[in-house]
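One structure below.
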């Protein structure tokens, strides 16, 4: 079953963001048991040139990779999909019109405007041209809800063909709402409810990025099923800080003999 089919079935899934641009970090996260990874080309330290290695490293362990592209330009989506990404995450979109234009880039004609070629990795370098026939059904479309425009039109966005996940970017959205970083703010909680309701009404998934596993559990109980937990760099920093904390010496010093 493709990742898109799993997500649209309502099955909960947990992933993490990969922003170090490291093949080994991507493989470590895949081995950890995440259901999917998001390679972050918007804020991450690596670019498209490092993507294929991360896709391969995760793919060895049957973990699909979604790519958060830098922008909604058609070429950005086409590039990452041709390299084998299982889906595209679009950041910083406005209203329904912007979203409709962006998600067309992940689907081949007549449903979209993705460029057609068979000599790329997604088609086995010409040895699996039939992959084009099922691509529109397999590729996951993730739209971030992190602007006031997107939030205001979230119901219409959820109904757009090709949108499979409404994904909340908590930091951006709390800033847009005037309550930066306050995940417990009433305004933010109301916004979350709007996203979950829009996703349920359209039969798609609501997703969100959580800083910790505990917070992800809270979001799951609120109706989110596509759950991102931290990132490779955040997980490393947390573990490193804990390991570097002072170690207490023994209370009694045994004299040397």
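Laid out as a table, the results:
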{"read-out": "Hey, residue 124 surrounded by fewer than 23 Cβ atoms within 10 Å (Cβ to Cβ) and in a loop (DSSP other than H, G, I, E, B) or not", "value": "no"}
{"read-out": "Odd one out for residue 174 among (1) farther than 16 Å from residue 106 by Cβ; (2) in contact with a strand residue (DSSP E or B) (Cβ under 9 Å, 6 or more places away or on another chain)", "value": "(2)"}
{"read-out": "Qualifying position, being farther than 28 Å from residue 153 by Cβ and out of contact with any strand residue (DSSP E or B) (no Cβ under 6 Å at 6 or more places or on another chain), among 94, 53", "value": "53"}
{"read-out": "Scan of the range 202-219 for residues that are buried (at least 16 other Cβ atoms within 10 Å of the Cβ) and either more than 18 Å from the chain's Cα centre (by Cα) or outside any loop (DSSP other than H, G, I, E, B) (or both), ordered by number", "value": "202, 205, 206, 207, 208, 209, 210, 215, 216, 219"}
{"read-out": "Residue within the range 152-161 that is within 22 Å of residue 9 (Cα to Cα) and free of Cβ contacts under 8 Å to residues at least 12 places away in the same chain present", "value": "no"}
{"read-out": "Failed condition for residue 67, given (1) crowded, with 24+ Cβ neighbours inside 10 Å; (2) within 17 Å of residue 42 (Cβ to Cβ); (3) touching a residue at least 40 places away in the same chain (Cβ under 8 Å)", "value": "(3)"}
{"read-out": "Test: residue in the range 232-247 that is assigned to a helix (DSSP H, G or I), crowded, with 20+ Cβ neighbours inside 10 Å and modelled with pLDDT of 95 or more", "value": "yes"}
{"read-out": "Residue satisfying all of: in the range 4-29; under 15 Å from residue 86 (Cα atoms) and more than 14 Å from the chain's Cα centre (by Cα); surrounded by the fewest Cβ atoms within 10 Å (Cβ to Cβ) among these", "value": "5"}
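The values are calculated or read from the model by the stated rules, or taken from the named source; none is laboratory data. Because the structure is a prediction, the values reported are computed rather than measured. Counting neighbours? That spans all protein chains shown, and the Cβs are built from the backbone with ideal geometry, glycine included.
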